[in-house]
Amino acid sequence: MRRSGIATPPVTALPGSARFRRMRIGLLGGSFNPAHTGHRHISVEALNRLGLDEVWWLVSPQNPMKSGRDMASLERRLRHARRVAAHPRIRVMDLEKALGTRYSVDTLGALSSLMPATRLVWLMGADNLLTLHLWRRWEAVFRAVPVAIFDRAPYSIKAAFAKAAQRYRRFRLGEDQASGLADRHPPAWVFVHCPRHPLSATAIRTADAGWLDQEQDADRRRATAR
């Protein structure tokens, strides 16, 4: 099967993928370098406000819009993300590695082909809406699945004037319709106002550079125990 210019594996390549049929699943993509409580905050809000069954964190092997110079290994980022998520309905996954995709639009195409009966919603913070027009085939993201934008200081006002927000302004739903977003045919999107979380991955790296040291120590302990 081929979609968006990539070869997609059969549905059996996603363990237990049949169990996700007809579920509402939110997708939160990113480098997660590192994952932090802001990611968890958005995910829990999505579960509650959008009526989702699960949220999947799609940890990218390498974000094409970011330098790999300060990027921790995928394995360490996954491990740290699982500790931060700590929620039975948040799954931390390396699907882009498994699917062989690099761009969000291709990942969405692959997942839509693999799980056509699953209702997917793309999740992002207001800060990412400002730069969405720089993504590869960004308009195809809006046409692929419904999109939920979550309030994030200090980007709320600027986000309303983002190129993507203006381009798709007539497809914006009222916030009172957020719980039915997953059932909408794209393009459809909603801006979710919620208690703001100020943390960013950049701030975390500056304030708590020790997170990577902790992962490296854990690696050494595992190697010694073998």
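Ignoring lysines fewer than eight residues from residue 97 along the same chain, the ones with Cα atoms less than 22 angstrom from its Cα are 66.
Sorting 115, 124 from the fewest to the most surrounding beta carbons within 10 angstrom yields 115, 124. By the count of other C-beta atoms within 10 Å, a proxy for reagent exposure, 161, 20 are ordered fewest to most as 161, 20.
If you plug the beta carbon distance of residue 86 and residue 185 into 1/(1 + (r/R0)^6) with R0 = 25 Å, you get a FRET efficiency near 0.15.
None of the figures in this text is laboratory data; all of them are computed from the coordinates on show. Please read all numbers here as calculations on a predicted model, not as lab measurements. As a convention, Cβ positions derive from the backbone with ideal geometry for all residues, glycine included, and neighbour counts pool all protein chains shown.
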